[in-house]
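Read through the structure below, which is laid out as structure tokens, and then see the notes.
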Amino acid sequence: MTNHQKGYRRDRQVIETITEWGTMDTEQLTLMFYPSIQVARRRLRIMSNKGKLNRFRDAVEMPYSYYIKQYSQTRIALNWIRLWLKMKHCRSWEVIESFDYETNTAVTRNTVGNSAKTYTVLYNVNRKTWIGENVIIIYDTEQQKREAFKRIKGILLTIDDIKEGLKCVKCS
């Protein structure tokens, strides 16, 4: 397979993933498909210029977000959790069976014991709610996480926590 064929195959996989996952940013796509952020930026810009993807950026210091139909900031945060589950949280014998954006639930399956575990994913919860042990809450900032940590038990993460954790996975 030539490099051109590999590139087109990867471009097709990127478009299929963005179609399935909704809205993704440059850093998420780099972790999944590209060897470096520069390569990702170049290829994604080319696909955007050709009209295959739409891109949007809230501020200059933020990475571009890519989408097909509709931009959603919440979907980007949920996709960070989905990536974290896929690359970091799941052990070698576990796979993500499904991720439902309607109910914000992720189902992981243990391939050895054939048992399933359901996680509920919440975004920016600031009041005490009933939370079970299989709940993952993602926050935009570390301060929001610290304030919630006093009131809420469960897996509390920020987007920066996930990025730091996934850097190690990318290296190995």
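At q = 0.08, 0.16, 0.18 Å⁻¹, what is the base-10 log of I(q)/I(0) for the chain according to the Debye formula with one equal point scatterer per Cα and no solvent? Please give it to two decimals.
Computed log10 I(q)/I(0) values: -0.27, -1.03, -1.25.
Just to be sure I follow: if Rg is taken over the C-alpha atoms of the stretch 29-79 and Rh is the Kirkwood radius over the same atoms, what is Rg/Rh? Present the calculation step by step, with values, prior to reporting the outcome.
Details: Rg = 11.0 Å, Rh = 11.7 Å.
Taking Rh as the inverse mean 1/r over Cα pairs, Rg/Rh reads 0.94.
Give the separation of the Cα centroids, the stretch 34-89 to the stretch 1-32, in Å.
The stretch 34-89 and the stretch 1-32 have Cα centres spaced 10 Å from each other.
Pick out, from Y34, F56, W21, the residue whose Cα sits farthest towards the positive end of the charge dipole of the stretch 3-67, with +1 on the Cβ of Lys and Arg and -1 on the Cβ of Asp and Glu.
Y34
Rank I81, I162, I37 by mean-square fluctuation in a GNM of the chain with C-alpha springs under 10 angstrom and give only the top-ranked residue.
I37
Assuming 0.36 nm per residue, please report the length gained on full extension of the stretch S98 to D160 beyond their Cα-Cα distance.
Working: separation 62, 0.36 × 62 = 22.32 nm, distance 2.41 nm.
Result for the pair: 19.9 nm of gain on full extension.
With 10 angstrom as the radius, rank D160, D25 by how many other C-beta atoms surround their C-beta, starting from the fewest. Could you put the intermediate results ahead of the total?
On the way: D160 14, D25 22.
Going from least to most buried by this count: D160, D25.
Which of the listed residues, N3, S65, N110, is farthest toward the dipole's positive end in the chain, when Lys, Arg count +1 and Asp, Glu count -1 at the beta-carbon?
N3
What spacing in nm lies between the two simple spin-label points modelled at F33 and I15, each 7 Å away from Cα in the Cβ direction?
1.0 nm
If I build a Gaussian network model for the chain, linking alpha-carbon pairs within less than 10 angstrom, which residue out of V107, V125, V60 has the largest mean-square fluctuation?
Most flexible of the set in this elastic network: V60.
What does the charge add up to near M1, with Lys and Arg as +1, Asp and Glu as -1, over the other residues with Cβ less than 15 Å from its Cβ?
On the way: positive: K6, R9, R10, R12; negative: D11.
Result for the neighbourhood of M1: +3.
Once you keep just the Cα pairs under 8 angstrom separated by 6 or more residues, what percentage relative contact order results for the chain?
Details: 227 pairs, mean separation 26.0, N = 172.
Here the relative contact order equals 15 percent.
Can you pick out the pairs among K6/K88; K145/K167; K50/K167 whose Cα atoms lie more than 24 Å from each other? Numbers along the way, then the final one.
Values: K6/K88 26 Å; K145/K167 21 Å; K50/K167 30 Å.
Distance filter (> 24 Å) returns K6/K88; K50/K167.
Please state, as a whole number in µm²/s, the translational diffusion coefficient that the Stokes-Einstein equation yields for the stretch 3-67 at 20 °C and 1.002 mPa s, with Rh defined as the Kirkwood radius across alpha carbon pairs. The partial results should precede the final answer.
Numbers: Rh = 11.8 Å.
In µm²/s, the coefficient is 182.
Quick note: the coordinates plus some simple rules give every number you see, no bench work behind them. All of these numbers come straight from a predicted model, not from anything done at the bench. Please note: Cβ atoms are built from the backbone with ideal geometry, for glycine as well, and neighbour counts cover all protein chains shown.
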